[in-house]
Amino acid sequence: MIRYTQMAKEHISKKKAISIRLPESDIYLLKQRALVTGISYQNIIQSLVHQYMHNQIKAAL
């Protein structure tokens with residue numbers, strides 16, 4: 001059981017670097033918000049994607 005728990009933790013903690021193109025104005029605003037909140041803009045993006053994928057937030061498309 002411990003072995004499977006460890007395997008699950010390793011799978012969850014794995015991260016993959018990606019590249020996306022965003023409007024410069026969005027990046028500027030994102031970095032401004034990051035300064036105010038004390039959270040890196042990369043972590044904000046990561047959190048938003050995670051929340052969206054787990055149906056915690058909805059996208060207005």
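The values are calculated or read from the model by the stated rules, or taken from the named source; none is laboratory data. Nothing here was measured: the structure is a model prediction, and the numbers come from that model. As a convention, Cβ positions derive from the backbone with ideal geometry for all residues, glycine included, and neighbour counts pool all protein chains shown.
A quick yes/no check of all residues on (1) modelled with pLDDT under 90; (2) loosely packed, with under 10 Cβ neighbours inside 10 Å:
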| residue | (1), (2) |
| --- | --- |
| I2 | yes, yes |
| T5 | yes, yes |
| I18 | no, yes |
| R21 | no, yes |
| E24 | no, yes |
| V36 | no, yes |
| S40 | no, no |
| M53 | no, yes |
Considering only the stretch 12-36, state which residues are part of a helix (DSSP H, G or I) and out of contact with any helix residue (DSSP H, G or I) (no Cβ under 8 Å at 6 or more places or on another chain). I12, S13, E24, S25, D26, Y28, L29, Q32, L35, V36
Let me spell it out: the conditions are (1) polar (S, T, N, Q); (2) in a loop (DSSP other than H, G, I, E, B); (3) more than 17 Å from the chain's Cα centre (by Cα), and Q56 meets all of them except one. Which number is the exception? (3)
Working carefully through the options Y4, Y41, Y52, Y28, find the one that is in contact (Cβ under 8 Å) with a residue 12 or more places away in the chain and aromatic (F, W, Y). Y41
